[in-house]
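The values are calculated or read from the model by the stated rules, or taken from the named source; none is laboratory data. Bear in mind the structure is a predicted one, so any value in this text is a computation, not a measurement. For neighbour counting, all protein chains shown are included, and Cβ atoms are generated from backbone atoms with ideal geometry for every residue, glycine included. Heavy atoms of the whole protein, side chains included, go into the accessibility calculation; ligands, DNA and RNA do not. Shrake-Rupley method; radii C 1.70, N 1.55, O 1.52, S 1.80 Å.
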Amino acid sequence: MGEVAALRQLVGQVQELWDLYGANGNPVPRWYLPDFEHGSIKDDYCGGSSGYNSELLKIMETNQSPPCKRPRRDRNREKAPSSNKIEVMEQEIWRDFPEDLFETVIARLPVAAIFRFRTVCRRWSSLLGSDSFSRQYSEAPHGLPWFYTITHENSNNNVAMYDPLLKKWHHQSVPLNHTKIVIPVASVGGLVCLLDLSHRNFYICNPLTQSLKEIPPRSVHGWSRVVVGMVLNGRSSSDGYKVMWLDIDGTCEVYDSTKNVWSCPGTFPPSIKLPLALNLRSQPVAVGSMIYFMCAEPDGVLSYDVSTGIWRQFAIPLPLHLTDHTLAEFQGRVMLVGLLCKNAATCICIWELQKMTLLWKEVDRMPNLWCLEFYGKHMKMKCLGNSGLLMLSLKAKHMNRLVTYNLLKREWQKVPDCMLPWSRKRQWITCGTAFDPVPCALV
């Protein structure tokens with residue numbers, strides 16, 4: 001039987017060479033050898049062995065050629081979808097597609113996709129300015145807020161926006177006017193409030209559309225540091241918004257976009273002592289029509305209801321060993337984020353204000369493995385966004401870290417370095433605020 005095996009192997013090699021170089025598209029002949037050991041027909045194709053095969057017997061009886069085995073590359077090409085295949089949309093069907101359904105679908109797309117769809121046609125590009133699309137977008141569920149930040153490099157200030165969903169930095173095509181250095185201080189409904197270094201002139205912008213409006217300067221003359229908060233008059237910016245500033249002397253004003261004027265909300269009640277020991281490093285937070293400010297001496301929270309004009313002050317002791325801290329907001333609840341430093345150990349903790357006891361309750365803290373990086377270092381913390389998603393800037397000598405904390409998922413993530421498209425040098429984030437990315441928000 002050794003001769004038969006050798007003959008079978010030779011026939012297989014000849015068949016393989018014939019398949020590769022012969023025939024020129026003609027049917028390929030097949031050779032069949034009897035299996036003397038098992039009394040069956042064996043197909044010797046490329047040296048393969050299939051044993052007893054009744055189908056081959058039928059082919060031989062009818063004098064037909066068996067199916068030709070094609071190369072694997074050809075079989076995979078048939079299985080894989082064609083990349084060159086173009087699906088043509090039937091104009092008869094799509095031309096009658098309801099316009100409101102277009103808006104419903106586009107309003108639920110990611111922000112980056114919405115701006116790509118603007119380039120399809122003029123009609124879609126004009127959607128962002130329509131009242132119906134604004135209403136659809138305000139009713140649609142949306143994800144995480146973005147961050148509007150000011151970066152600094154070689155005495156130049158630039159705007160950088162961070163998308164936490166894509167973990168990507170976006171840069172404005174038009175840089176900031178260097179004659180007017182502004183800082184973001186508050187946001188609401190997709191709009192960001194900017195304040196110049198004189199703390200007197202305010203600007204409202206939509207970072208996505210790069211629209212900018214200067215509002216009347218506050219009536220109080222003279223330089224004084226202020227804290228600023230914003231609230232909506234209704235469900236979206238189309239219903240108008242209010243901007244409020246407050247200084248340590250208790251002087252405050254409220255700007256109403258529908259009237260385009262500043263107004264004084266009145267005097268403080270006797271229970272609130274002046275001057276106010278405001279924590280100017282903490283951004284105020286807004287919950288509905290309420291604006292909360294961080295106070296010190298005594299430690300606590302100062303609140304103002306924009307709709308009723310009522311002031312309240314709550315004395316709330318801070319956690320021990322707390323250095324840098326700021327207010328935050330999550331689903332209508334007032335939160336606190338701060339840097340705990342004890343001996344050489346440093347950690348970032350999150351607290352929630354308990355309404356019944358008026359005490360801070362710890363709900364989460366940064367993983368210990370991350371905190372080990374801060375051990376023995378003199379850390380400084382700045383909160384760049386305090387609504388739903390926090391962005392924290394952690395600095396020490398020869399160290400600068402950006403991290404985000406998701407209050408819903410209780411998840412910590414590191415933020416990639418911010419670099420300009422035309423430069424590979426890392427940008428230093430100086431200040432910032434969180435904002436909801438709303439393409440149709442009107443200034």
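Structural remarks
- For the condition under 16 Å from Gly189 (Cβ atoms) and either over 35 Å from the mean Cα position of the chain (by Cα) or loosely packed, with under 13 Cβ neighbours inside 10 Å (or both), Arg225 does not qualify.
- Single residue of Leu318, Leu384, Leu408, Leu390 found to be in the same structural domain as Met161 (by the TED database), part of a loop (DSSP other than H, G, I, E, B), touching a residue at least 60 places away in the same chain (Cβ under 8 Å) and aliphatic (A, V, I, L, M): Leu408
- Those residues of region 228-270 which are open to solvent by 40 Å² or more (accessible area, probe 1.4 Å), at pLDDT 85 or above and small (Gly, Ala, Ser), in sequence order: Ser263
- Subset of region 99-126 [open to solvent by less than 50 Å² (accessible area, probe 1.4 Å) and within 17 Å of the chain's Cα centre (by Cα)]: Ala107, Leu109, Val111, Ala112, Ala113, Ile114
- Residue within region 348-357 that is open to solvent by less than 20 Å² (accessible area, probe 1.4 Å), in contact with a helix residue (DSSP H, G or I) (Cβ under 8 Å, 6 or more places away or on another chain) and assigned to a strand (DSSP E or B) present: yes
- So Glu362, is it more than 24 Å from Leu165 (Cα to Cα), free of Cβ contacts under 8 Å to residues at least 60 places away in the same chain and open to solvent by 20 Å² or more (accessible area, probe 1.4 Å): yes
- For region 285-304, a residue qualifies if it is more than 23 Å from Met391 (Cα to Cα) and either crowded, with 20+ Cβ neighbours inside 10 Å or touching a Leu at 6+ places or on another chain (Cβ under 7 Å) (or both), and the qualifying residues are Asp299, Leu302, Tyr304.
- Output for region 416-429, where each listed residue is touching a Ser or Thr at 6+ places or on another chain (Cβ under 7 Å) and open to solvent by 20 Å² or more (accessible area, probe 1.4 Å): Trp428
- Checked against the criterion of being in the same structural domain as Asp324 (by the TED database) and open to solvent by 30 Å² or more (accessible area, probe 1.4 Å), the candidates Ser282, Ser307 yield just one match: Ser307.
- Yes/no for Lys273 being open to solvent by 40 Å² or more (accessible area, probe 1.4 Å) and modelled with pLDDT of 90 or more: no
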